[in-house]
Amino acid sequence: MNDRSFEFFLQFHLNVPRQGPGTPEATAEAFRRVRPFLPPGPRILDLGCGSGGQTIVLAGLCDGSILAIDFHPPFIEQLRQRAARAELSHRIVAEVGDMKALDLGPRRFDLVWCEGAVFVVGFERGLDLVRPLLEPSGVVVLSEAVWLKPPNEAPSIVAECWQQAYPPMTTVEANLAMAEGAGYAVIDHFTLPRQGWDAYIDPVEARMNEVLATVGNDPDARAAAEAERREFAAFRANDGSVGYEFFLLRRSDGTVD
Ligand SMILES: C[S@@+](CC[C@H](N)C(=O)[O-])C[C@H]1O[C@@H](n2cnc3c(N)ncnc32)[C@H](O)[C@@H]1O
């Protein structure tokens, strides 16, 4: 995908509730399970927040403050507008930033949240990157694509799509072992229900068709749409071979970085 096609890809993901699989219910369920490990009014860092599908939900579930970071300025602008509409701007700060080069100074968080975005750096590296940002027994919630069955048992369109898009993708068990090896205790984990995929794909597909209707036969837009359609087809053909797993972890190394 060239730069201009990527611009269209981003446009397909604007003005939609979220940029990756998930639902408000799943966000709320993950938060409910980690709530006992958090102080009242937790300081939350939401990494790869997109336009804030989960950020707004989290802000409604507690009295904490949220710093939400994403690489793409249009998503951050949309999150700011959503926060303002929900009268949550005093508790949600949205900033453009790069997960690969986080520079948050000496700040510490009680909870780091990252729905569908840790793939940007990889699961294990993501856990290493956030450790110094966490209070000594701080909590991390990540959702990450996993193989729920061996790839050779998956429909070929599903296996090919994911092997190409995310070669390091592994199993729930392997991710749990990585988390423990990286100095985290496992609080819990659960698989995002199927509706979480539809909640992402259906609005993006509708938005994509709207954008395509305005740009006619633009070859870069068509290339972006083709890539999206292949991904949607693989998502829809998924028979449970691939899932998004929520990992609920607690820093357990006991040291202060
Ligand atoms: C699959 S989306 C998930 C967005 C959101 N958490 C959700 O579930 O709707 C991945 C997000 O990671 C962001 N992203 C990609 N590379 C990034 C980077 N280097 N630093 C920060 N965010 C990044 C993208 O802009 C996108 O919003």
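Nothing in this text is a laboratory measurement; each read-out follows from the coordinates by a stated rule. As the structure is a computational prediction, the values presented were derived from the model and not from experiment. In this analysis, Cβ positions are derived from the backbone assuming ideal geometry, glycine residues included, and neighbour counts consider all displayed protein chains.
Structure summary
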read-out: Integer Hz, Karplus 6.51/-1.76/1.60 couplings in order for the stretch 171-186, x for Gly and Pro; value: 9, 4, 4, 5, 5, 4, 5, 4, 4, 5, x, 8, x, 10, 9, 8
read-out: Additional length obtainable on full extension of the chain from Asp239 to Ala165, 0.36 nm per residue less Cα span; value: 24.8 nm
read-out: Amide proton proximity set for Gly64, modelled H, under 5 Å, gap of 5+; value: Gly41
read-out: Neighbourhood charge, 14 Å Cβ-Cβ cut-off, centred on Trp162 and excluding it, Lys, Arg +1 and Asp, Glu -1; value: -3
read-out: Potential lengthening between Glu7 and Lys100 on full extension [0.36 nm per residue; Cα-Cα distance subtracted]; value: 31.4 nm
read-out: Under 5 Å, built H, 5+ apart or other chain: amide partners of Gly138; value: Arg251
read-out: For Ala94, residues with placed amide H under 5 Å, excluding near neighbours; value: Ala68
read-out: Relative contact order of the chain, defined on C-alpha pairs under 8 angstrom at six or more residues apart (%); value: 27
read-out: Cα gyration tensor, the stretch 152-251 - rounded (a/c under 1.5), prolate or oblate; value: prolate
read-out: Nearest-20 debye value, the chain charge dipole, Cβ charges on Lys, Arg, Asp, Glu; value: 520
read-out: Label-zone membership for the stretch 116-134, site Ala174, 7 angstrom Cα→C-beta point, backbone N under 19 Å; value: 116-128
read-out: HN-Hα J in Hz across the stretch 24-38 - Karplus 6.51, -1.76, 1.60, θ = phi - 60°, x for Gly and Pro; value: x, 5, 5, 4, 5, 5, 5, 5, 4, 6, 9, 3, x, 9, 10
read-out: Residue-by-residue Karplus 3J(HN,Hα) for the stretch 69-82, coefficients 6.51, -1.76, 1.60, Hz, glycine and proline x; value: 10, 8, 6, 9, x, x, 5, 5, 4, 5, 5, 4, 5, 5
